[in-house]
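The values are calculated or read from the model by the stated rules, or taken from the named source; none is laboratory data. Remember, it's a predicted structure, so these values are computed and weren't measured experimentally. Here Cβ is always computed from backbone atoms with ideal geometry, including for glycine, and neighbour counts include all displayed protein chains.
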Amino acid sequence: MTIKVLGPGCMNCKTLEKRIQIALQELGINAVVEKVEDYEKIALYGILRTPGLVVDEKVAHSGSVPTVEKLKEILFATQTA
Amino acid sequence: MEKFFAKHPVGTTALFLPAWIALYAALQPLTDALITLTGLVQGERLTEAVRFFVFEVPKVMLLLTLVVFGVGIVRTYFSPERTRKMLGGRSLFTGNVLASMLGIVTPFCSCSAVPLFIGFVGAGVPLGVTFSFLIAAPMINEIAVVLLFGLFGWKTALLYVGTGLSIAIAAGYIIGRLKVERFVEDWVYQIHANTDALEESIPSFRDRMQSGYGAVKDIVGKVWPYLLVGIGAGACIHGYVPENFMASLMGKSAWWSVPVSVLIGVPLYSNPAGIIPIVQALLEKGASLGTVLAFMMSVIGLSLPETIILKKVLKIQLIAVFIGVVATGIIIVGYVFNFIFA
């Protein structure tokens, strides 16, 4: 599983990265978390609000920082899908 | 408390609302009682400054909590994605009006200005319409509306919304007519992102209430230091600056005060919570409404950091046009108000 956190490096993006790490740890998933800070690359995913969360090249969430619980749901859903 | 609310958002709100009303109604007698208790002498400068602070801080906090909660719920009915869909292919003027109004209610944070700009323009929303949205979103700020309502009454609050809308509509329209597309960085037009990448689920009313609560936690949590400093400064002006002191500096007779206020206001940035209590105190000391509104709008609506972020997608000429058009709009509004409220 590859995970990307989209955002120019504002507060929300950093929080999202931290929470995603916690969620991965709690689920026991091994994944690479990559930060995408370049606007041109962010734009390619078509999100209108940062931070964005991309799981396996699919936009899973954008515009807010979900709770760790919600992130676990998202990760779990993509893993089983 | 937090966990409890997360489980029972509707019930907690039903519980809190009467408490809110009771507290708000009790503010004036409580303040009076407190002043009597401290033994401060009525009418003295220090007393008046303390009274201002003790009364305004809880009042503004109460108003803020309620309105941020309400706005948090309303915003769940809107999203930039849906707004973009509504704005796609609109003609210039209608598009500008719609974009400005959607700018008030669509959840938007200035850190998302760039992806939003790319997403709008890339999906065929006209440039001028996109600008109307980008101008209205920060300019007509819910915190500012609340504070203006709380400190000056509904007329001033309405006036502020009306003028903010007019500036956003007019500025976006003018930028649209100027045909400045060539000053947008070329790569913006080359991005053809998937515009329906994210499907949205419809939240339940409980979810919406939770969003409202989240907004309170987030916004009130961020804003309160600004508020304390702003009301503190306001209290000092209220207590210590002589009556009519500001008349010569920011009064109607000083014709140059409007553009100077805007010039000072543009590079400054403050949260509305910090600026409006000061505005109130300035008005009280003889500054005129138009000048003060112009100052406030240029501080809240045009911020240098946000404009610098836009440099990623706009060439410097277009940034200059953007600042120029909006600043001119604010100056005109300032003069109009000074003229009306003679």
Q: Go through (1) closer than 24 Å to B:Val57 by Cα; (2) within 14 Å of another protein chain (Cβ to nearest Cβ) one by one and return the number of the condition B:Leu147 breaks.
A: (2)
Q | Single unsatisfied condition, A:Glu26 versus (1) under 11 Å from the mean Cα position of the chain (by Cα); (2) more than 9 Å from every other protein chain (Cβ to nearest Cβ) | A | (1)
(Q) Which numbered condition in (1) at pLDDT 85 or above; (2) loosely packed, with under 15 Cβ neighbours inside 10 Å is the only one that B:Ile175 fails? (A) (2)
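Would you mind stating whether B:Phe93 is in a helix (DSSP H, G or I), over 30 Å from B:Gly239 (Cα atoms) and over 18 Å from the mean Cα position of the chain (by Cα)?
Values: in a helix (DSSP H, G or I): yes; over 30 Å from B:Gly239 (Cα atoms): yes; over 18 Å from the mean Cα position of the chain (by Cα): yes.
Yes.
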Q) Tell me, which residue of the stretch A:42-68 that is in a helix (DSSP H, G or I) and at the interface with another protein chain (Cβ under 10 Å from one of its Cβ atoms) is surrounded by the fewest Cβ atoms within 10 Å (Cβ to Cβ)? A) A:Leu44
**Q.** Selection within the stretch B:303-326 - within 14 Å of another protein chain (Cβ to nearest Cβ) and touching a strand residue (DSSP E or B) at 6+ places or on another chain (Cβ under 7 Å)
**A.** B:Val313, B:Leu314
Q) Do we find that B:Ala137 is free of Cβ contacts under 8 Å to residues at least 40 places away in the same chain, touching a helix residue (DSSP H, G or I) at 6+ places or on another chain (Cβ under 6 Å), part of a helix (DSSP H, G or I) and surrounded by fewer than 24 Cβ atoms within 10 Å (Cβ to Cβ) in this structure? A) no
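In the list B:Leu46, B:Leu64, which residue meets the criterion of being more than 14 Å from chain A (Cβ to nearest Cβ), buried (at least 18 other Cβ atoms within 10 Å of the Cβ), touching a residue at least 12 places away in the same chain (Cβ under 8 Å) and in a helix (DSSP H, G or I)? Quick ask: steps written out before the conclusion?
Working: B:Leu46 fails: buried (at least 18 other Cβ atoms within 10 Å of the Cβ).
Sole residue among the options that is more than 14 Å from chain A (Cβ to nearest Cβ), buried (at least 18 other Cβ atoms within 10 Å of the Cβ), touching a residue at least 12 places away in the same chain (Cβ under 8 Å) and in a helix (DSSP H, G or I): B:Leu64.
Are any of the residues in the stretch B:269-290 at positive phi, touching a Gly at 6+ places or on another chain (Cβ under 8 Å) and surrounded by fewer than 22 Cβ atoms within 10 Å (Cβ to Cβ)? I'd like the intermediate steps shown before the answer.
Looking only at the stretch B:269-290, we keep the residues that are at positive phi, and these are B:286.
Next, from what is left, pick out any that are touching a Gly at 6+ places or on another chain (Cβ under 8 Å): B:286.
From what's left, surrounded by fewer than 22 Cβ atoms within 10 Å (Cβ to Cβ): B:286.
Yes - at least one qualifying residue is present in the stretch B:269-290.
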Q) Can you name the residue in the stretch B:77-98 that is of a type in the set (Gly, Ala, Ser) and within 14 Å of chain A (Cβ to nearest Cβ) and is also nearest to B:Asp207 (Cα to Cα) among such residues? A) B:Ser79
Q. Looking at the stretch A:29-40, which of its residues are touching a residue at least 12 places away in the same chain (Cβ under 8 Å), more than 8 Å from every other protein chain (Cβ to nearest Cβ) and closer than 19 Å to B:Ala113 by Cβ?
A. A:Val36, A:Glu37
**Q.** The one condition in (1) under 30 Å from B:Ala14 (Cα atoms); (2) small (Gly, Ala, Ser); (3) touching a helix residue (DSSP H, G or I) at 6+ places or on another chain (Cβ under 7 Å); (4) modelled with pLDDT of 85 or more that B:Ala273 fails to fulfil
**A.** (4)
Q: Using the structure shown, decide if A:Thr2 is surrounded by fewer than 16 Cβ atoms within 10 Å (Cβ to Cβ), within 14 Å of another protein chain (Cβ to nearest Cβ), touching a residue at least 24 places away in the same chain (Cβ under 8 Å) and of a type in the set (Val, Ile, Thr).
A: no
Q.
So for the stretch B:107-125 (the condition being more than 14 Å from chain A (Cβ to nearest Cβ), in contact (Cβ under 8 Å) with a residue 40 or more places away in the chain and at negative phi), does at least one residue qualify?
A. no
Q. Of all the residues that make up the stretch B:163-193, how many are in contact with a strand residue (DSSP E or B) (Cβ under 7 Å, 6 or more places away or on another chain) and in a helix (DSSP H, G or I)?
A. 1
Q) Which one of the conditions (1) at pLDDT below 85; (2) under 26 Å from B:Gly212 (Cα atoms); (3) exposed (fewer than 11 other Cβ atoms within 10 Å of the Cβ) does B:Gly11 fail to meet, given that it meets all the rest? A) (3)
